1. Could you list, ordered by first residue, the pairs with Cβ atoms under 6 Å in which the first is in the stretch 193-211 and free of Cβ contacts under 8 Å to residues at least 40 places away in the same chain and the second is not in a loop (DSSP other than H, G, I, E, B), at least 6 apart or interchain?
2. Which residues, taken from the stretch 247-285, are crowded, with 23+ Cβ neighbours inside 10 Å and small (Gly, Ala, Ser)?
3. Which one of these does ALA109 not meet: (1) surrounded by fewer than 24 Cβ atoms within 10 Å (Cβ to Cβ); (2) in contact with a Leu (Cβ under 8 Å, 6 or more places away or on another chain); (3) of a type in the set (A, V, I, L, M, F, W, C); (4) more than 18 Å from ILE60 (Cα to Cα)?
4. Only strands (runs of 3 or more DSSP E) wholly contained in the stretch 44-109 count here; list those with 1 or more residues that are out of contact with any Cys (no Cβ under 6 Å at 6 or more places or on another chain) and acidic (Asp, Glu).
5. Before we move on, is LEU121 more than 24 Å from LEU300 (Cβ to Cβ) and out of contact with any strand residue (DSSP E or B) (no Cβ under 9 Å at 6 or more places or on another chain)?
6. Any residue in the stretch 18-33 that is within 14 Å of ARG215 (Cα to Cα) sitting within a Cβ distance under 6 Å of a residue that is part of a loop (DSSP other than H, G, I, E, B) and among the hydroxyl-bearing types (Ser, Thr, Tyr)? List the pairs, counting only those 6 or more apart or interchain.
7. Restricting attention to the stretch 284-318, and to residues there that are of a type in the set (Gly, Ala, Ser), at pLDDT 95 or above and over 15 Å from MET248 (Cβ atoms), which single residue is farthest from the chain's Cα centre (by Cα)?
8. Here is a list of conditions, (1) under 19 Å from VAL153 (Cβ atoms); (2) surrounded by fewer than 23 Cβ atoms within 10 Å (Cβ to Cβ); (3) of a type outside the set (Val, Ile, Thr), and LEU84 meets all of them except one; can you say which number that is?
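The values are calculated or read from the model by the stated rules, or taken from the named source; none is laboratory data. None of these values were measured; they are calculated from a predicted model. All Cβ positions, glycine included, derive from the backbone under ideal geometry; neighbour counts span all protein chains shown.
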Amino acid sequence: MHAVSPKLTDWLLQLNQLIRRLQENGYKPTAIAAREALANVTRALVSPGPDIAWVNDEIIHGRDYSVPVRIYHPDPEQALPVLLFLHGGGHTAGSVSVYDPISRRLAAATRHIVVVPEYRLAPENPYPAGVQDAYAAARGVFAALQARQLPFVPQLALIGDSAGAALAATVSARAQHDTALQIAAQVLIYPSLDYSMSLPSISENGEGYFLNSNRIAWYFDNYFQHGEDRRAASPLHMELTDRLPATMVVSAGFDPLRDEALCYLERLQATGVAHEHLHFPDLIHAFLNMEQLVAEECALTYRRIAGFLAEAASGQLA
């Protein structure tokens, strides 16, 4: 019988017991608690990332908001391609600081200049603020590197995990019709792609595997505060054409969002978009934030992402 990885079972048991105790004591989800929870898990289970030669901050000026970004350049004497990393956290949690060790791993593994926006979060800044910030960062990232006098190859790829993958996929979908924004590739890690929560894995994996379906619903209620059409805002249901960039999708078998990733891959196949799929049948959502528990799987993920981006940068993806 298919089962979650034994590397995760003890940790999940302790986590679920903690959640039950908190609920019995009157726990109420808040943005503060969500942000602390993701930060604490990442801090406990992901060791500090590798040294990167040049790490500094910059500002990308959007139409309505100036987006802070952190730049990780692994070799500031060499022009490298650019990877815009949109972190996860349900559009409510996560930050540049929380994701620093993952950003460093991405820069070291891929030999890309990794740029991480501190995009605005809900509930203080609901939809579409995060999308606007992600798009502004994508359009302005080269200017930010020029402002810092950093050498770079003017080739942009996007990467995001969970809600950050939703932002990446949304930017890619919009860029299909924007001649000023050319995206070479996108990497979507256990992506959130369907805000309607309509696929079977939402209920199948909706309890006991770190990301629960009721938490997803709470995140989305934070994000959509003005009666927006959630289906229309979902990357899974947006128009996809052959102008979409080559795409790598990473998925996990015990993730409530699993089926969204699989359905998106089916649409890529039907549209003729070059794509690659890395699936871990026994892992759960957000496993990169749990690296000490599943170190081999995380290392493989970084290697596969690096290989995919290298092929995209060299034009080898058909």
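1. That search, which allows pairs on different chains as well, returns TYR195/PHE220.
2. SER251, ALA252, ALA261
3. Among (1) surrounded by fewer than 24 Cβ atoms within 10 Å (Cβ to Cβ); (2) in contact with a Leu (Cβ under 8 Å, 6 or more places away or on another chain); (3) of a type in the set (A, V, I, L, M, F, W, C); (4) more than 18 Å from ILE60 (Cα to Cα), ALA109 violates only (2).
4. Here the list reads 54-61.
5. yes
6. Every condition considered, the pairs that remain are ALA31/THR92.
7. ALA295
8. The number of the failed condition is (2).
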